[in-house]
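To keep things clear, I will list the structure first and then write my remarks on it.
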Amino acid sequence: MTTPNAPITQDVLTIPRKLPEGSRTNIVGLTRDQLRAALIAAGTPEKQAKMRLGQIWQWVYHFGLRDFAAMTNLSKDYRALLAENFVIEVPEIVSKQVSMDGTRKYLVRIAGGHEVETVYIPEENRGTLCISSQVGCTLTCSFCHTGTQKLVRNLTAAEIVGQVMLARDDLGEWPEPGAPKDETRLVSNVVLMGMGEPLYNFENVRDAMRVVMDGEGLSLSRRRITLSTSGIVPEIARTAEEIGCLLAISFHATTDEVRDRLVPVNKKWNIATLIDALRDYPRLSNSERITFEYVMLKGVNDSDADARRLVKLIAGIPAKINLIPFNEWPGAPYERSDWERIEAFADIIYKAGYASPIRTPRGEDIMAACGQLKSATERARKSRAEIAAEAGL
Ligand code: SAH
Ligand code: SF4
């Protein structure tokens with residue numbers, strides 16, 4: 001019979017068991033509860049676990065340390081125990097491209113040899129990191145480059161948090177121990193607008209965002225995190241309750257007929273069902289306005305009638321509408337709306353009382369703009385004919 005709560009002896013602390021390479025636990029991406037349990041399982045006395053957790057958390061997420069040996073407020077023996085049982089690992093940057101406008105695109109390698117892209121967009125008073133949640137996407141929005149890449153797998157919480165950490169590494173943003181608190185942040189905002197549908201990887205995205213929001217570590221407020229979804233209705237209320245971040249919806253059309261073609265998940269949850277789910281969001285999350293993303297496709301969804309229908313549909317929802325000029329990619333079956341058309345569309349929305357910023361494409365020269373992300377896994381590529389067929393063209 002085993003005794004579940006057997007006292008931890010000093011021996012466990014001083015003579016750590018050597019675990020084989022690869023079986024050590026990665027600390028990155030664990031929730032506080034998970035890390036606490038792992039520390040205890042590795043031999044941390046239960047009474048000390050809370051304090052040790054706090055110390056390690058601060059080293060990993062506030063100071064960005066990757067080496068247990070440098071955790072100077074822990075005893076040498078305890079550091080050795082940690083090194084025997086744990087690693088602090090973030091995905092590797094395989095290559096980095098820097099756009100003329102300062103946007104940085106990282107190609108990131110994750111376990112299994114897969115790759116995802118992460119984009120850093122510096123702006124005047126802030127810097128936004130666009131992170132991925134899946135390798136590829138199961139959905140097949142016909143205007144999206146990522147949608148032409150079949151899903152390979154969900155990212156783990158570690159790989160999602162790791163994207164924030166590797167960007168801070170590259171930008172040299174970790175504070176020196178003892179340095180005065182610096183309030184200017186290079187990565188001040190995070191948007192889940194990279195590759196993948198975040199609400200089809202809900203638990204990992206939630207756990208990762210809880211780590212990113214934790215006030216003792218990376219400490220980004222929930223109002224500086226925006227999750228973009230194509231409209232996975234059953235997970236929307238959960239996003240409010242369990243994450244509480246801001247929400248963006250890839251809306252893109254004002255009739256089911258057109259939205260079915262652009263965002264095929266609309267066949268499952270149509271516009272009326274989606275709008276219903278959104279009415280409750282701001283109240284549930286105690287959050288600000290919902291962003292409606294609207295990609296401007298020439299002759300497809302950009303008429304004055306579309307603009308008028310759009311404001312009618314969202315009436316009563318605290319909202320802003322983000323117009324995204326379509327970003328081209330090789331083989332794309334659409335064109336970007338003319339500038340005058342986009343402005344006329346924006347004007348109708350503005351006159352109806354909504355903020356209607358037109359998103360300036362960033363990092364276009366390095367294929368880093370919205371919807372252009374795609375890792376070059378040619379094996380997983382759909383053919384041009386498949387893309388056109390899915391778009392109903
Ligand atoms: N899968 C999620 C988040 C990633 S996409 C979602 O669909 O919301 C981020 C935004 O870029 C979405 O609004 C998406 O519809 C839009 N987008 C995709 N392809 C685009 C393209 N080629 N040009 C402009 N925006 C695009
Ligand atoms: Fe997937 Fe979003 Fe692209 Fe649609 S727009 S295919 S949901 S990544």
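The values are calculated or read from the model by the stated rules, or taken from the named source; none is laboratory data. What you see is a predicted model; the values in this text were computed from it and never measured. Quick reminder, even Gly has a Cβ in these numbers, built from the backbone with ideal geometry, and neighbours come from all protein chains shown.
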### Task
Pull up the stretch 241-270, narrow it to residues that are within 16 Å of ligand 2 (Cβ to nearest atom) and β-branched (Val, Ile, Thr), then point me to the one that is farthest from Arg223 (Cα to Cα).
Val258
### Restricting the stretch 213-267 to residues that are among the hydroxyl-bearing types (Ser, Thr, Tyr) and not in a loop (DSSP other than H, G, I, E, B), the residue that is farthest from Met51 (Cα to Cα)
Ser250
### Task
Look at the stretch 141-150 and say how many of its residues are within 6 Å of ligand 2 (Cβ to nearest atom) and modelled with pLDDT of 90 or more.
2
### Task
Considering only the stretch 226-240, state which residues are in contact (Cβ under 8 Å) with a residue 60 or more places away in the chain and within 13 Å of ligand 2 (Cβ to nearest atom).
Ser228, Ser230
### Query
What is the number of the single condition among (1) crowded, with 19+ Cβ neighbours inside 10 Å; (2) at pLDDT below 95; (3) of a type in the set (A, V, I, L, M, F, W, C) that Ile27 does not meet?
(2)
### Message
Taking the condition of being more than 30 Å from Glu364 (Cβ to Cβ) and assigned to a loop (DSSP other than H, G, I, E, B), how many residues in the stretch 65-101 meet it?
### Response
10
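To keep it simple, each residue is scored yes or no on (1) under 21 Å from Leu246 (Cβ atoms); (2) within 16 Å of ligand 1 (Cβ to nearest atom); (3) in a loop (DSSP other than H, G, I, E, B).
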residue: Asp276; (1), (2), (3): yes, no, no
residue: Asn301; (1), (2), (3): no, yes, yes
residue: Ala305; (1), (2), (3): no, no, no
residue: Val311; (1), (2), (3): yes, no, no
### Summary
Going through the stretch 103-151 in order, the residues found to be of a type in the set (A, V, I, L, M), in a loop (DSSP other than H, G, I, E, B) and within 12 Å of the chain's Cα centre (by Cα) are Ile131
### Which listed residue, of Leu82, Leu74, is at pLDDT 95 or above, surrounded by 22 or more Cβ atoms within 10 Å (Cβ to Cβ) and not assigned by TED's automatic domain parsing to the domain that holds Ser228
Leu82
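This table checks each residue for (1) surrounded by 22 or more Cβ atoms within 10 Å (Cβ to Cβ); (2) of a type in the set (Ser, Thr, Tyr); (3) more than 30 Å from Val187 (Cα to Cα).
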| residue | (1), (2), (3) |
| --- | --- |
| Arg222 | no, no, no |
| Gly231 | yes, no, no |
| Arg238 | no, no, no |
| Ala272 | no, no, yes |
| Arg279 | no, no, yes |
| Glu288 | no, no, no |
| Asn301 | yes, no, yes |
| Asp306 | no, no, yes |
### Query
For the stretch 155-210, what are the residues that are in a loop (DSSP other than H, G, I, E, B), within 16 Å of ligand 2 (Cβ to nearest atom) and not hydrophobic (A, V, I, L, M, F, W, C)?
Gly194, Gly196, Glu197
### Message
If I filter the stretch 327-336 for residues that are under 25 Å from Ile225 (Cβ atoms), in contact (Cβ under 8 Å) with a residue 24 or more places away in the chain, assigned by TED's automatic domain parsing to the domain that holds Thr229 and crowded, with 17+ Cβ neighbours inside 10 Å, do I get at least one hit?
### Response
yes
### Summary
Scanning the stretch 278-299 residue by residue, the ones that are in a loop (DSSP other than H, G, I, E, B) and either among the β-branched types (Val, Ile, Thr) or at pLDDT below 95 (or both) total 5
### Task
Could you tell me which residue of the stretch 120-134 is farthest from ligand 1 (Cβ to nearest atom), considering only residues that are in contact with a Leu (Cβ under 7 Å, 6 or more places away or on another chain) and under 23 Å from Glu203 (Cα atoms)?
Ile131
### Message
Looking for something within 16 Å of ligand 1 (Cβ to nearest atom), within 13 Å of the chain's Cα centre (by Cα) and farther than 21 Å from Arg32 by Cα - is there at least one such residue anywhere in the stretch 199-208?
### Response
yes
### Query
Which members of the stretch 313-332 meet the condition of being in a strand (DSSP E or B) and either in contact with a His (Cβ under 8 Å, 6 or more places away or on another chain) or within 11 Å of ligand 1 (Cβ to nearest atom) (or both)?
Asn322, Leu323, Ile324, Pro325
### Task
Could you tell me whether any residue of the stretch 131-142 is outside the structural domain of Ala42 (by TED's automatic domain parsing), in contact with a Ser or Thr (Cβ under 6 Å, 6 or more places away or on another chain) and under 16 Å from Val190 (Cα atoms)?
yes
